[in-house]
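A.B. asks: One structure coming up, written as structure tokens, with questions to follow.
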Amino acid sequence: MAVTEILLLVASFLLLLAIGVPIAVSIGLSTALTLMVSIPAMPALTTIAQRMATGLDSFALLAIPFFILSGQLMNRGGIARRLVDFAKVLVGSLPGGLAFVNIIACMFFGAISGSAAAAASAIGGFMTPRMEKEGYDKGFGAAVNLTSATIGLVIPPSNILIVYSLASGGVSIAALFLAGYVPGIILGVGLMMVSGAIAFKRRYKTGEWVGFKAGTRKLLDAIPSLFLLVIVIGGIVAGFFTATEASAIAVLYTIVLTFIYKELKVAELPSVLLDTVKTTAIIMLLIGTSMGMSWVMAYENIPQEVSNFLVTLSDNPIVILLIINLILLFVGVFMDMTPAVLIFTPIFLPVVTALGMDPIHFGIVMVLNLCIGLCTPPVGSVLFVGCSVAGVSLQKVLKPLIPLFAVMILVLMLVTYIPELSLWLPGVFDL
């Protein structure tokens, strides 16, 4: 039995987090302490170091810094503004149009950049003053912005789906990318329906209709940015290049585009690269320590113990999936998405595959679930980015977040129990 190891791992990890130790360091220290129960200290530390290095030795992980750099360039290169203008052409004249614009722009930008925080920052920076000027409540505007920003983690290209592919032992990245489209669009439509109902109830202003000529001009202006999705996803699905190669192509395309738009100066490139390096370093340290923890859990048979425990609770797949979702929702409140995926994928994936669940389907469910945690205190990174950009307190955002949370949970349940929502598109392309 691995009861002692489980208790030590969980207790030491939570204690370290509670006293303010950074999450990557907490994962590493709790992992080392757990392994030292079974083997001497020096071999334990050496093994952890080896596993961290081995965990980072993956060609697929090269895609992450490239997609991060691509997102940084988009954030500063005028792409966000063009996507906002295009979204306004599509839905700006509808009741609650600016809320719709925020959601659609976040879906576009989040999908292109692969970063929820970047989408919340870039789109929120443009939309907050516009929504406030039209009489929208700042808390409502921030809530719409930060929840819709997470959709970009489901709609590809998505860094977290690459991380899941690594943690799951090599699930097809192309299949995961395609699997995210339908759930991501459903989530976006759901958020639009609730936002529209709230806007109609509060009688927010309806935007002016953009003329055909002006609308066509804004569409043409946004097409080069949107075409990046065609290049990246189309190239991966068609087999022209891997996800890693696609990420490098995305950087080259984005650099050319930002200089064509003339909104990014050469002198700004060093700061863009520095921000990319900082973000990449944090993510890679998290991945390294989390892979070490995953190996220790496997060594101590912790996944098997958790699996056996869940099976004793119920043999009903519906109940077990509900329990796993509740655990992940709870985990997402206190843990960032990357370590959560790396730690809990090896624990829950054997359980759900034994139930007959496709690993691609489970990956979308897990990411969609943990997206909710990004919008919840006390750890929710996107929540605090959204509040900061909007210049509004956390207390004013929480109330308007509740109906949007309800939609996110409803979509999560639909995606969990209707596998075709995730698996239909990969099946079309035989992935």
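A.B. asks: What percent does the relative contact order of segment 54-168 come to when contacts are Cα pairs within less than 8 Å and at least six residues apart? List each step's numbers first, then the result.
C.D. replies: Numbers: 150 pairs, mean separation 34.3, N = 115.
Here the relative contact order equals 30 percent.
A.B. asks: Something else: Rolling a 1.4 Å sphere over the protein heavy atoms, what is the accessible area per residue of segment 361-418, to the nearest Å²? List each step's numbers first, then the result.
C.D. replies: Values: 2030 Å² over 58 residues.
Accessible area per residue, segment 361-418: 35 Å².
A.B. asks: Please list 352-364, 417-429, 116-128 highest first by mean number of surrounding beta-carbon atoms within 10 Å per residue.
C.D. replies: Numbers: 352-364: 19.4, 417-429: 16.5, 116-128: 26.1.
In decreasing order of mean packing, 352-364, 417-429, 116-128 become 116-128, 352-364, 417-429.
A.B. asks: Calculate, in nm to one decimal, what residue 268 and residue 409 gain on full extension: separation in residues at 0.36 nm each, minus their alpha carbon distance. Before the final figure, lay out each step's value.
C.D. replies: On the way: separation 141, 0.36 × 141 = 50.76 nm, distance 4.03 nm.
Here the segment from residue 268 to residue 409 would lengthen by 46.7 nm.
A.B. asks: Where nothing but the Cβ of Lys and Arg (+1) and of Asp and Glu (-1) is charged, how large is the charge dipole of segment 155-249 around its Cα centre, in debye to the nearest 20? Could you put the intermediate results ahead of the total?
C.D. replies: Details: 7 positive and 3 negative charges, 137 e Å.
So the dipole magnitude of segment 155-249 works out to roughly 660 debye.
A.B. asks: Quick one: net charge of residue 84's neighbours, Cβ under 12 Å, K/R +1, D/E -1? Show your work: numbers first, answer last.
C.D. replies: Details: positive: 81, 82, 88, 130, 218; negative: 85, 221.
That works out to +3.
A.B. asks: Note down the magnitude of the dipole of the chain about its Cα centre, charges +1 on Lys and Arg C-beta and -1 on Asp and Glu C-beta and zero elsewhere, to the nearest 20 debye. Could you put the intermediate results ahead of the total?
C.D. replies: Values: 20 positive and 19 negative charges, 357 e Å.
Dipole magnitude for the chain comes out near 1720 debye.
A.B. asks: Something else: Can you give the accessible area of residue 33 in Å² (nearest 10), computed on protein heavy atoms with a 1.4 Å probe?
C.D. replies: 80 Å²
A.B. asks: For 261, 299, give the ranking by accessible area with the largest first, probe 1.4 Å. Walk me through the numbers before you get to the answer.
C.D. replies: Details: 261 30, 299 105 Å².
Ranked from most to least accessible, the order is 299, 261.
A.B. asks: At a probe size of 1.4 Å, how large is the accessible area of residue 200, to the nearest 10 Å²?
C.D. replies: Its accessible surface works out to 150 Å², give or take rounding.
A.B. asks: Rounded to the nearest percent, how much of the accessible area of the chain (1.4 Å probe, protein heavy atoms only) is carbon and sulfur?
C.D. replies: Details: 12740 of 17940 Å².
Heavy-atom surface of the chain belonging to carbon and sulfur, 1.4 Å probe: 71 percent.
A.B. asks: Taking the alpha-carbon centroid of each part, what is the distance from segment 213-254 to segment 98-163 in angstrom?
C.D. replies: With segment 213-254 and segment 98-163 each reduced to a Cα centre, they are spaced 19 Å.
A.B. asks: Please report, for the Cα atoms of segment 380-429, the Rg to one decimal and the Dmax as a whole number; what are they, in angstrom?
C.D. replies: For segment 380-429, the Cα radius of gyration and maximum Cα-Cα distance read 16.0, 46 Å.
A.B. asks: Further question: Counting trypsin sites (Lys or Arg not before Pro) as exposed when in a DSSP loop with at most 11 other beta carbons within 10 Å, what is the longest stretch of the chain free of them? Provide the component values of the computation, followed by the final result.
C.D. replies: Details: sites that count: 203, 262, 265.
No qualifying site falls inside 1-202, the longest such stretch.
A.B. asks: A follow-up question, please. May I ask you to derive the FRET efficiency for residue 260 and residue 19 from their Cβ-Cβ distance with R0 = 45 Å, giving the value to the nearest 0.05? Write down the numbers at each step before the final one.
C.D. replies: Numbers: r = 50 Å, r/R0 = 1.11.
Taking R0 as 45 Å, the efficiency between residue 260 and residue 19 is 0.35.
A.B. asks: Also, I was wondering about something else. Put +1 on the Cβ of each Lys and Arg and -1 on the Cβ of each Asp and Glu in the chain; which of 4, 219, 294 then has its Cα farthest toward the positive end of the dipole?
C.D. replies: 219
A.B. asks: Report, in whole Å, the centroid distance computed from the Cα atoms of segment 44-91 and segment 374-431.
C.D. replies: 19 Å
A.B. asks: What list of ³J(HN,Hα) couplings, whole Hz, do you get for segment 64-72 from phi and the Karplus terms 6.51, -1.76, 1.60, once you set θ to phi - 60° and write x for glycine and proline?
C.D. replies: Coupling constants for segment 64-72: 5, x, 5, 5, 5, 4, 4, x, 4 Hz.
A.B. asks: So for the chain, taking the charge dipole from beta-carbon charges (+1 Lys/Arg, -1 Asp/Glu), which of 228, 46, 321 sits furthest toward the positive end?
C.D. replies: Checking the options against the dipole of the chain, the answer is 228.
A.B. asks: Run the 1.4 Å probe and let me know the accessible area of residue 272, rounded to the nearest 10 Å².
C.D. replies: Answer for residue 272: close to 0 Å² accessible.
A.B. asks: Which Cα, out of 242, 167, 394, lies furthest along the positive dipole direction of the chain (beta carbon charges, K/R +1, D/E -1)?
C.D. replies: The one lying farthest along the dipole's positive direction is 394.
A.B. asks: Rounding to the nearest 10 and keeping the result within 0 to 90°, find how far the Cα-based axis of helix 181-202 lies from the longest principal axis of the chain.
C.D. replies: Long axis of 181-202 versus the principal axis of the chain: about 50 degrees.
A.B. asks: Now a separate question. What is the spread of the Cα atoms of the chain along each of their three principal axes, largest first, in whole Å?
C.D. replies: That gives 71, 47, 46 Å along the principal axes, largest extent first.
The values are calculated or read from the model by the stated rules, or taken from the named source; none is laboratory data. Every value quoted in this text rests on a predicted model; they were computed, and no experiment measured them. Note that we place each Cβ from the backbone using ideal geometry, even for glycine, and neighbour counts take in every protein chain shown. Heads up: the accessible areas ignore ligands, DNA and RNA and are worked out on the full protein's heavy atoms, side chains in. Shrake-Rupley method; radii C 1.70, N 1.55, O 1.52, S 1.80 Å.
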